[in-house]
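Quick notes on the structure that follows.
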Amino acid sequence: MFAAAMEDVLEVYRRPYDKARPVVCMDEKPYQLLSDARDTIAMSGTNPVRKQDYEYVRHGTCSIFVWAEPLAARRAATALERRTRKNWAHQVKELLETHYPDAEKVVLVMDNLNTHNIASL
């Protein structure tokens with residue numbers, strides 16, 4: 001794992017498909033868990049406009065981990081309670097052991113978030 005210039009990353013994306021050495025992109029996103037504060041008022045025959053209040057109730061957050069292999073049209077997502085080094089390491093382990101157990105090498109493209117490093121593994 002190392003930091004690369006954008007040009008290097010673009011060269012990785014230009015590689016032809018190789019089942020033995022798949023190029024996999026991995027990222028995570030924090031997500032707010034929300035619900036409506038009030039019920040939506042349905043449309044009626046005389047009023048064709050649904051009424052919805054924009055007030056919401058916050059129910060915390062989660063972290064969505066996603067990986068994609070664009071050239072093979074494969075992807076998976078997992079929602080976890082939070083983003084930690086341990087959770088990221090578990091996602092990498094699952095990626096390698098469950099989805100790519102027979103790959104010679106997986107080329108993993110990701111950002112340089114503080115949890116995305118060799119110390120997390």
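The values are calculated or read from the model by the stated rules, or taken from the named source; none is laboratory data. Bear in mind the structure is a predicted one, so any value in this text is a computation, not a measurement. When we count neighbours, we look across all protein chains shown, and the Cβ atoms used for this are built from the backbone with ideal geometry, even at glycine. Just so you know, the surface numbers come from the protein's heavy atoms only, side chains and all, with ligands and any DNA or RNA stripped out. Shrake-Rupley method; radii C 1.70, N 1.55, O 1.52, S 1.80 Å.
Considering the conditions (1) assigned to a helix (DSSP H, G or I); (2) modelled with pLDDT under 90, residue 89 is excluded by exactly one of them, (2).
Evaluating residue 62 against the criteria (1) touching a strand residue (DSSP E or B) at 6+ places or on another chain (Cβ under 8 Å); (2) among the hydrophobic types (A, V, I, L, M, F, W, C); (3) closer than 16 Å to residue 108 by Cα leaves one unmet condition, (3).
Summed over region 1-19, the residues that are surrounded by 10 or more Cβ atoms within 10 Å (Cβ to Cβ) and not charged (D, E, K, R) give a count of 7.
Results for (1) free of Cβ contacts under 8 Å to residues at least 24 places away in the same chain; (2) part of a strand (DSSP E or B), shown as yes or no for each residue.
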| residue | (1), (2) |
| --- | --- |
| 10 | yes, no |
| 27 | no, yes |
| 30 | no, yes |
| 43 | yes, no |
| 46 | yes, no |
| 68 | no, yes |
| 71 | no, no |
| 104 | no, no |
| 113 | no, no |
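Screening residue 18 on (1) farther than 29 Å from residue 90 by Cα; (2) in a loop (DSSP other than H, G, I, E, B) shows it passes everything except condition (1). Scan region 26-56 residue by residue and report those that are out of contact with any helix residue (DSSP H, G or I) (no Cβ under 9 Å at 6 or more places or on another chain), open to solvent by less than 60 Å² (accessible area, probe 1.4 Å) and among the hydrophobic types (A, V, I, L, M, F, W, C). Result: 37, single match.
Considering only residues that are polar (S, T, N, Q) and open to solvent by less than 80 Å² (accessible area, probe 1.4 Å), look in region 73-102 and name the one that is farthest from residue 23 (Cα to Cα). Per the stated criteria, the residue is 84.
Being within 30 Å of residue 14 (Cβ to Cβ) and of a type in the set (Asp, Glu) narrows it down to one of 55, 94, so name that one. Please lay out each step first, then the result.
Working: 55 fails: within 30 Å of residue 14 (Cβ to Cβ).
Exactly one residue qualifies, and that residue is 94.
With respect to the conditions (1) aromatic (Phe, Trp, Tyr); (2) over 21 Å from residue 65 (Cβ atoms); (3) modelled with pLDDT of 90 or more, residue 2 falls short on a single one, namely (3).
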